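Each reported figure results from applying straightforward, stated rules to the coordinates on display, with no laboratory input. From a predicted model like this one, the values you see are computed outputs, not experimental measurements. For neighbour counting, all protein chains shown are included, and Cβ atoms are generated from backbone atoms with ideal geometry for every residue, glycine included.
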Amino acid sequence: MIELRGVSKVYGQGRQEVPALRNVSLRVEYGEVFGVLGQSGAGKSTLIRCLNLLERPTTGEVRVDGRDMLSLGPDELRVARQGIGMIFQHFNLFSSRTVAGNVAFPLEVAGCSRVHIRERVAELLELVGLSDKANAYPAQLSGGQKQRVGIARALAPRPRVLLSDEATSALDPETTRSVLGLLRDINRQLGLTILLITHQMEVVKSICDSVAVLERGRVVEQGKVVDLIARP
Ligand code: ADP
Ligand code: ADP
């Protein structure tokens, strides 16, 4: 589903060179929840930006769904990006739009019909348990509810994979559990592949099938969570 081969990323030049990723190879299988665990500065955000091609690796190969992401032209890249959903630590919702308006946004960009958008938004709000909040504004929601809106919006264009950038890091432990439970349900119900980056071992233990541990830009461990990490 996702394959990185020998990916390195160096920021800056000459004496200012910062190697953020060093020869990273990893493989995410279809339908799994894959965690990338690492401390701050380990290179997790760089890895996610190399996957959605907001950043070009200095060397190496990035394949999503068998497609060589580095060889795509601008139009193909736009299409490939539509297959990648993203959720964020700080939710990144539009404060001036309602919950329904936020979820509708990617469908409006894709030029879907009003009728289709209304149906799809209702279906997504039901999936994330926010049908009664369709007309609320983000400021009226709790952190957990905001992230549910973020998840619904990410799923709207039916992505092949969901990338999560520290999606529960701003949430308290109980809300974290509930949002992770929702992600697990979505993974199982829709068979959606999820790659998440986190600095929290608890997140990896609670929902990930596989994990890669990143330290100073290198993958130092990779495998099934059951083999690598003893559960309590
Ligand atoms: P993480 O997400 O794990 O905290 P990052 O990918 O943000 O790690 O950063 C990895 C390393 O790359 C750090 O040393 C960071 O300072 C550096 N870095 C990240 N982005 C840039 C950038 N745009 N320019 C220069 N250095 C950067
Ligand atoms: P905003 O004020 O945030 O721009 P809109 O009223 O323009 O919100 O609605 C944005 C989109 O969400 C529209 O396509 C609309 O059909 C859809 N929508 C609004 N309310 C609902 C709802 N209760 N259920 C499903 N879709 C809705």
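Given Cβ point charges of +1 (Lys, Arg) and -1 (Asp, Glu) and nothing else, what value in debye, to the nearest 20, does the dipole of the chain about its Cα centre take?
Dipole magnitude for the chain comes out near 280 debye.
Just the number: Rg to Rh for segment 1-60, Cα atoms, Kirkwood Rh, two decimals. If you can, show how the numbers build up before the last one.
Numbers: Rg = 12.0 Å, Rh = 12.2 Å.
My calculation puts Rg/Rh at 0.99.
How would you classify segment 22-100 from its alpha-carbon gyration tensor, with a ≥ b ≥ c the square roots of the eigenvalues: rounded for a/c under 1.5, else prolate if a/b is greater than b/c, otherwise oblate? Oblate shape, in that a/c is at least 1.5 and b/c is the bigger or equal ratio. Given the options GLY73, GLY31, GLY14, which has the most mean-square fluctuation in a GNM of the chain, springs set between C-alpha atoms less than 10 angstrom apart? In the Gaussian network model the winner is GLY14. Which residue fluctuates the most in the chain, going by a Gaussian network model with Cα springs under 10 Å, if the choices are LEU26, LEU72, LEU183? Per the Cα network of the chain with a 10 Å cutoff, LEU72 tops the list.
Tally the DSSP beta bridges in the chain and give the antiparallel ones as a percent, rounded to 5. Walk me through the intermediate numbers first.
Values: 20 of 40 bridges.
Given both bridge residues lie in the chain, the antiparallel proportion sits at roughly 50 percent.
Residue by residue, segment 62-77 carries 3J(HN,Hα) couplings of 10, 10, 10, 6, x, 8, 6, 5, 7, 9, 7, x, x, 5, 5, 5 Hz when phi is fed to the Karplus relation 6.51 cos²θ - 1.76 cosθ + 1.60 (θ = phi - 60°); x denotes Gly or Pro. The lysine pair count for the chain, using Cα distances under 30 Å and pairs eight or more places apart or on different chains, is 9. Considering only LEU141, ALA156, ASN187, and ranking their Cα positions along the charge dipole of segment 128-232 that arises from unit charges at the beta-carbon of Lys, Arg, Asp and Glu, the one farthest toward the positive end is ALA156.
Return the calculated 222 nm mean residue ellipticity for the chain, to the nearest 500 deg cm²/dmol, obtained by summing -39500 (n - 2.57) across DSSP H runs with n ≥ 4 and dividing by the residue count.
Values: 8 runs with 84 residues, N = 232.
Mean residue ellipticity at 222 nm (helix-derived): -11000 deg cm²/dmol.
Output the peptides 95-106, 129-140 sorted from most to least packed, where packing is the average of other Cβ atoms within 10 Å over each peptide's residues. Show your work: numbers first, answer last.
Working: 95-106: 19.1, 129-140: 14.4.
Highest to lowest by the protection proxy: 95-106, 129-140.
Could you let me know the centre-to-centre spacing of segment 1-70 and segment 113-191, using Cα atoms, in angstrom? First find each Cα centre; the distance between them is then 26 Å. Kirkwood hydrodynamic radius computed over the chain comes to 18.3 Å, based on all pairs of distinct alpha carbons. For the chain, the longest principal axis of the Cα atoms and the long axis of helix 114-127 meet at an angle of about 70 degrees.
Work out the P(r) tail for segment 76-176: percent of alpha carbon pairs separated by more than 24 Å, whole number.
Details: 864 of 5050 pairs.
When every Cα pair of segment 76-176 is considered, 17 percent fall beyond 24 Å.
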